[in-house]
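Beneath this line is the structure, given in structure tokens, with notes to follow.
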Amino acid sequence: MSKNKEKLVIFDTTLRDGEQSPGASMNVSEKLRIAKVLEKLKVDVIEAGFPIASKGDFDAVQNISNNIKDSTICALARAMEKDIVAAGDAIKPANSGRIHTFIATSEIHMQKKLNMTRNEVVDQAIKSIKLIKKYTNNIEFSPEDAGRSEFDFLCLIIEKAINAGANTINIPDTVGYNIPDQFGSLIKRLINNIPNSDKAIFSVHCHNDLGLAVANSLSAVMNGARQVECTINGLGERAGNASLEEVVMTVKTRQDIFTCDTQIATNHIVPASKLVSSITGFPVQPNKAIVGANAFAHESGIHQDGVLKHRETYEIMKAQDVGWLENKLVLGKHSGRNALKSRFLEIGYDIKDDNELNDLFLRFKDLADVKHEIYDDDLHSLISNSINETNESNELNYNLIDIYSVSDSNSEPFSKITLEKGGKKLTDESNGGGPVDATFKAIEKIVSSNSKLQLYSVNNITDGTDSLGEVTVRLEKLGIIVNGVGSDKDIVIASAKAYLDAVNKLNNKPDILHPQLDHV
């Protein structure tokens, strides 16, 4: 970051708002893995969760607070005493902790949802901020649905919030309704009209319902906002949030017009993207800016010729600056445990347990026997698959023992499955419309999950016909949505692993970590 530039604070809410994407729920260990990568990325503030939502969310925020040292850990709380107490207890172990509280300020929200008058909303906000002071002086306040709130009232409640102790004021476009010029103008007007606006950092949190989250966020920055709330890959409920990688790289690339800069270590952007995609089961579209597989690809002959002669003819960023082209051949079948452990550490995984390392090494050797060139993406998949199989291990879990699958152009596809549960082997078989369909039907005969398949997705981990295949299965049952992920060199086996991973999550009766409570 340039010494003569103001700092733009990057507030990542992948673990909170990003997790509100249906099917994107993460368990405690998965959240911690992402938090460690965000710390490597040098994210200023990590919004780790909504502690009052469930025990799982509370534990995740507390665990991250215990383990992350270089980023501020933030917990979300409605402007309610029970929320604030839970948030305060969850961030207590953090080196640097923040509580982010909010209350709706638009007429439609105050009347129809809160059933509160303007004065009651102001009083509740001030009371909550004063309570937060018992836990931390790092206080963020959001007037929910600010983009549709009456301007004079917005100024009033923000002024009082700053006087009460809020030092970050976040202006959310909760429903993605604003357009850039309008939203930037709102931020500028607020800063110019609120007497004590210089006592707080103004922040923005934009949703992408009209595809304008990044544009709105950057317009706000151009007009004085100095914090942007965003997520890796733009993950989030509905159409998602402002994409961290797009905000950061726009500011970095256009330093000719931005008077601020971030401290983000941009070379960790692509690894962070891949990890979030792998854990949540939300693949990144190939033409996604910055982190998509085609983001730096040139098909046109004219473009290719220009890039070969001088990169800047058609590229405004270096692929290496965001973490591309680092996925080189790193290990082979003769590599040892120490080499594997060292490479895992370099890509963000500190394997300290010898048993875990031995298990990963055996998996690595099995893969190396079939796939002679092992890349970083393969290692990401190996460790994800390992964690999926060992997380929440108990007698409720089904484990894949054997699969026999046949697909023939002259006969109906067939699959025979053997699972193990609580030491007992269970076998069944089924025909289907294809080998994967037959496999799922055979598994369902055994597990009787009575769930609905919402998504089946296959992605190759690296290039080539010997690549590992990664399968994502999304199941829904009684309003609970879970993702299962499995990888293998055989797509049918990977599919079976993914389906069982999802079934086990359903059977473990997961907490709904992100019920659709109020949100910003």
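The values are calculated or read from the model by the stated rules, or taken from the named source; none is laboratory data. Not measured: the values here are computed from a predicted model. We place every Cβ from the backbone using ideal geometry, glycine too, and count neighbours over all the protein chains shown.
Here are a few things to note about the model shown:
- The set of residues in segment 73-87 being assigned to a strand (DSSP E or B) and either surrounded by fewer than 17 Cβ atoms within 10 Å (Cβ to Cβ) or of a type in the set (A, V, I, L, M, F, W, C) (or both) consists of ILE73, CYS74, ALA75, LEU76, ALA77.
- Checked against the criterion of being of a type in the set (Val, Ile, Thr), touching a residue at least 40 places away in the same chain (Cβ under 8 Å) and touching a helix residue (DSSP H, G or I) at 6+ places or on another chain (Cβ under 6 Å), segment 106-125 contains not a single residue that satisfies it.
- Note on segment 7-27: residues that are outside any loop (DSSP other than H, G, I, E, B), in contact with a strand residue (DSSP E or B) (Cβ under 6 Å, 6 or more places away or on another chain) and crowded, with 24+ Cβ neighbours inside 10 Å total 3.
- Residue list for segment 88-132, filter: part of a loop (DSSP other than H, G, I, E, B), surrounded by 14 or more Cβ atoms within 10 Å (Cβ to Cβ) and either on the phi > 0 side of the Ramachandran plot or over 29 Å from the mean Cα position of the chain (by Cα) (or both): MET116
- The strands (runs of 3 or more DSSP E) falling completely within segment 152-260 include none with 1 or more residues that are outside the structural domain of ILE126 (by TED's automatic domain parsing) and either touching an Asp or Glu at 6+ places or on another chain (Cβ under 9 Å) or surrounded by fewer than 17 Cβ atoms within 10 Å (Cβ to Cβ) (or both).
- For ASP57, the criteria (1) more than 28 Å from LEU455 (Cβ to Cβ); (2) assigned to a helix (DSSP H, G or I); (3) in contact with a strand residue (DSSP E or B) (Cβ under 6 Å, 6 or more places away or on another chain) hold in every case but one, which is (1).
- Candidates in segment 245-275 are the residues that are in contact with a Leu (Cβ under 6 Å, 6 or more places away or on another chain) and of a type in the set (Gly, Ala, Ser); of these, the one that is nearest to ALA289 (Cα to Cα) is ALA272.
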